[in-house]
Each structure stands twice: as C-alpha cells, then as structure tokens.
Amino acid sequence: MTMQWSHATWEELPSVLGISNNSAILPVGATEQHGPHLGCGMDYILADILCRAVADEVRVPMLPTMPYGCSVGHSRRWPGTIAVSPITLINLIKEIGDWSYHSGVRRLFIVNTHVTNAAPLRCALEMLRSEHDDMMVCVFNSGTLSPRVREFHHADGDDWHANDAETSLMLAKAPEMVRKDKLGIADDPDRTAGLVFSHPVNRTSLNGVTGMPSISNADKGATWFSWMVEDLSQLIRQGLHEEPPLANSYFNHVHS
C-alpha cells in the first residue's frame with residue numbers, strides 16, 4: 001500500500017489513514033539560494049527525501065512536499081530565491097490542514113526543513129487546533145530533531161546555511177545538487193554572534209553561505225541522514241498514540 005498521498009485514490013485513502021491512526025506527514029521546504037555550490041531547491045529536496053523515508057518506515061501517508069517557504073530573509077541579492085510571505089505561508093498551511101482534516105486526518109505531523117518557516121508554521125498550528133477540536137498538529141524542525149541532529153547542524157555556525165551539514169546531506173542523498181568544484185571557495189563564517197538584531201542574509205554573508213561546506217563529505221551525510229530518519233521516526237511513532245493530558249473541549253464553557 002502506497003504511503004504517498006498523491007499516489008493513492010480516494011477509495012484507498014481511508015484504508016491508508018486507517019493503518020496510521022488517521023495521521024499524515026506534511027513536508028515543508030523552500031526554494032532559495034544556497035550559495036555557489038548547492039542547488040536552490042536543497043530545502044525542499046531534503047524535506048521530500050527525508051519524509052519519504054520516514055513515511056515508509058512508520059507507515060504514515062505523506063502529503064505532497066511544499067517547495068516554497070518563507071525565504072524573504074535571503075533578500076534579492078542573489079538570484080534563485082522564490083519566497084512567500086509569512087502570512088501567505090500561514091494561510092497555505094492552514095488550508096492544507098483544513099482539507100486534510102476533511103479527508104480524515106486527525107494527527108498532522110508538519111516537517112520543516114527551512115529555519116524561518118518555523119514561526120509561520122507555528123501560527124498555522126495555532127489556527128488549526130483552535131478550529132478543529134479533535135485534530136492534533138505538531139511542527140518538527142529538521143535541524144533540531146534531537147540533540148545529535150542539532151549538534152551536527154550547528155557545528156560550523158549558529159546561523160548556519162548551505163554549510164557542512166546541508167552539503168554533506170546532499171552529497172549523500174542527492175549529489176546532483178552539489179557543485180563539487182565550488183566547495184573549496186564557498187566557506188563563509190557566521191557573523192551573527194553577539195548581535196541584538198536579526199539581519200537578512202545580504203548583511204551577514206558574502207556569498208549566501210554560513211558555515212564550512214569545504215569539509216563536507218558523503219560518508220558523514222549518509223550517517224547524519226540515517227540519524228534524522230531514525231529520530232524523526234521515533235517522534236512520529238510516539239505521536240501516533242499520544243492523547244491530550246485532558247479531554248476538555250476547546251469550545252464548551254465550564255458550568256458550575
């Protein structure tokens with residue numbers, strides 16, 4: 001039985017949802033510049049391959065991957081970024097969640113691979129759970145799935161982007177995304193330590209990179225990807241059977 005929502009027919013979806021406790025995975029990525037050495041679709045490619053692996057592992061259907069995200073912070077300095085506004089992303093995810101609900105989804109696992117999608121996704125979560133009393137929604141950010149995943153993502157900069165982690169993951173899982181001849185000249189340091197304001201990338205990076213892609217390799221990437229699959233699968237398995245601590249309705253008042 002397929003775990004790809006887009007491959008299932010309307011007759012098959014109830015059975016697919018039935019084996020997953022009415023759950024679905026929604027991968028959300030972005031299309032944006034990733035320095036001189038990585039393809040602009042890196043975030044959504046990662047979201048897609050990670051969630052495909054996890055969907056098969058945990059037997060939870062995966063909705064089609066969202067290829068656009070809130071990438072406005074990357075500016076227009078470099079070609080390649082196709083951004084949607086925070087409000088647009090909030091509304092898109094809210095409407096996807098609404099339609100998923102009406103198809104039978106009651107547990108929605110949103111998997112985000114672009115850091116600045118996090119705030120709009122949280123807003124969409126708030127809207128969905130306040131409208132659908134029997135729907136549970138969570139947002140997993142791929143770079144912080146677990147302590148070990150966070151450690152390798154942040155090893156070469158807290159404000160990382162197109163760094164060792166992302167480049168190694170692509171070398172392992174989508175090598176056509178990497179321009180190996182550019183790796184030696186792509187490094188650019190994190191300049192954000194100690195700053196009060198959050199600055200757009202045009203004011204923090206010379207080439208759109210933050211980190212050290214020059215030290216990347218496919219072996220590291222394969223290990224790190226396996227950790228991400230394992231740790232995300234564990235979180236989703238836990239969520240498949242989680243119940244709210246209390247069963248109180250969102251809508252009904254307490255009567256004395």
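None of the figures in this text is laboratory data; all of them are computed from the coordinates on show. The model shown is predicted, which means the values in this text are computed figures rather than measured ones. With ideal geometry, Cβ positions are generated from the backbone for all residues, glycine too; neighbour counts draw on all protein chains shown.
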Tell me, yes or no, whether the range 53-69 has at least one residue that is under 20 Å from Met170 (Cα atoms), without any contact (Cβ under 8 Å) to a residue 40 or more places away in the chain and of a type outside the set (Phe, Trp, Tyr). yes
Do we find that Asp164 is among the charged types (D, E, K, R) and over 21 Å from Leu232 (Cα atoms) in this structure? no
What are the residues in the range 52-63 that are of a type outside the set (A, V, I, L, M, F, W, C) and in contact with an Asp or Glu (Cβ under 9 Å, 6 or more places away or on another chain), if any? Glu57
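A quick yes/no check of all residues on (1) under 13 Å from the mean Cα position of the chain (by Cα); (2) surrounded by fewer than 24 Cβ atoms within 10 Å (Cβ to Cβ):
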residue	(1), (2)
His34	no, no
Tyr44	yes, yes
Val72	no, yes
Ser75	no, yes
Ala83	no, yes
Gly97	no, no
Asn112	yes, no
Picked from the range 150-198 (must be of a type in the set (S, T, N, Q), buried (at least 16 other Cβ atoms within 10 Å of the Cβ) and in a loop (DSSP other than H, G, I, E, B)), the residue farthest from the chain's Cα centre (by Cα) is Thr192
So Gly208 passes all but one of these: (1) more than 14 Å from Met42 (Cα to Cα); (2) part of a loop (DSSP other than H, G, I, E, B). Which condition number does it fail? (1)
So how many residues does the range 79-102 have that are in contact with a Cys (Cβ under 9 Å, 6 or more places away or on another chain) and over 15 Å from Glu126 (Cβ atoms)? 8
Pairs returned, first residue in the range 20-41 that is farther than 25 Å from Arg179 by Cβ, second residue that is among the hydroxyl-bearing types (Ser, Thr, Tyr) and part of a loop (DSSP other than H, G, I, E, B), beta-carbon separation under 7 angstrom, 6 or more apart or interchain, are none
Scan the range 49-64 for residues that are more than 16 Å from the chain's Cα centre (by Cα), surrounded by fewer than 24 Cβ atoms within 10 Å (Cβ to Cβ) and in a loop (DSSP other than H, G, I, E, B) and report the count. 1
Single residue of Ala119, Ala83 found to be closer than 23 Å to Ser146 by Cα and either free of Cβ contacts under 8 Å to residues at least 60 places away in the same chain or out of contact with any helix residue (DSSP H, G or I) (no Cβ under 7 Å at 6 or more places or on another chain) (or both): Ala119
Scope the range 208-254; condition surrounded by fewer than 20 Cβ atoms within 10 Å (Cβ to Cβ), more than 24 Å from Val139 (Cα to Cα) and of a type in the set (S, T, N, Q); matching residues: Ser214, Asn217, Asn252
